[in-house]
Amino acid sequence: MNEKLIKVTASIGLLSGGILGMVGSFLPSPSLRSLAWSLDGVGLIISGALLAVYYLRKGYDATAAGFLIFTIGEALILSSSGVNLDAHVTSFGAGASLWAASLALISFQKVFPMFVRSTGFIAAALFTAVSIQIFTGSPINALTRPLPFYVYPFFAATIFGWAWKLIRTPP
């Protein structure tokens, strides 16, 4: 797969994943939410895998590792996006902790613009708090307010920033 195709495919997956993830958070029907989040998860997993390879080839090993961790975390999140969110809280907590680690690792690298890195750091800190709450027994799920519900705008801004950087960077 050539560089341009990787960047376009990854950008489409990031954009569609970010949009469907946010839309799913507001859908009143659990089955429609599950469908939106499942499609979101597949798009982000494809993008994460492609970006891990892309940045590894470019010599950005830590960024590549961040996207690999992101992909693993997203796979756990995908497994917890079923109709009954309370039945999959531990998978969501594990995925959120890997999201936090990956966002921090990617944001520490100087690959993306400072605004994108900043939203990534904020999302990483908030997802860390969510994971700690879940693993210490707090009764929360993926839609609990204030956290994790209010983390998603920072997360989506980071994902959209990654896509924007890919689209704007010449081959």
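Numbers below:
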| read-out | value |
| --- | --- |
| For segment 60-68, Karplus couplings with θ = phi - 60° (6.51, -1.76, 1.60), whole Hz, Gly/Pro x | 9, 4, 5, 5, 4, 4, x, 6, 5 |
| Stokes-Einstein D in µm²/s, Kirkwood radius over Cα pairs - the chain at 37 °C with 0.692 mPa s viscosity | 209 |
| Percent accessible area from carbon and sulfur atoms, the chain, protein chains only, probe 1.4 Å | 72 |
| Fully extended contour minus Cα-Cα distance, from residue 108 to residue 27, at 0.36 nm per residue | 25.8 nm |
| Ordering of 58-67, 25-34 by burial proxy (mean other Cβ atoms within 10 Å per residue, highest first) | 58-67, 25-34 |
| Within straight-line cross-link reach of residue 58, aspartates and glutamates at Cα separation under 14 Å, skipping those fewer than 8 residues along the same chain | 3 |
| Under Karplus coefficients 6.51, -1.76 and 1.60, residue-wise ³J(HN,Hα) of segment 128-139 in Hz, glycine/proline x | 4, 4, 4, 4, 4, 4, 5, 6, 9, x, 5, x |
| Accessible area expressed per residue, the chain, with surrounding protein chains retained (probe 1.4 Å, Å²) | 46 |
| Estimated vicinal HN-Hα couplings, Hz - segment 11-25 in sequence order (Karplus 6.51, -1.76, 1.60; Gly, Pro = x) | 5, 4, x, 5, 5, 5, x, x, 5, 5, x, 5, 4, x, 5 |
| Sum of -39500 (n - 2.57) over DSSP H runs of 4+, divided by residues of the chain (222 nm, nearest 500) | -26500 deg cm²/dmol |
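The values are calculated or read from the model by the stated rules, or taken from the named source; none is laboratory data. It should be emphasised that the depicted structure is a prediction, and the values quoted were computed from it without experimental measurement. Please note: Cβ atoms are built from the backbone with ideal geometry, for glycine as well, and neighbour counts cover all protein chains shown. In case anyone asks, the SASA skips ligands and DNA or RNA and just uses the protein heavy atoms, side chains included. Shrake-Rupley method; radii C 1.70, N 1.55, O 1.52, S 1.80 Å.
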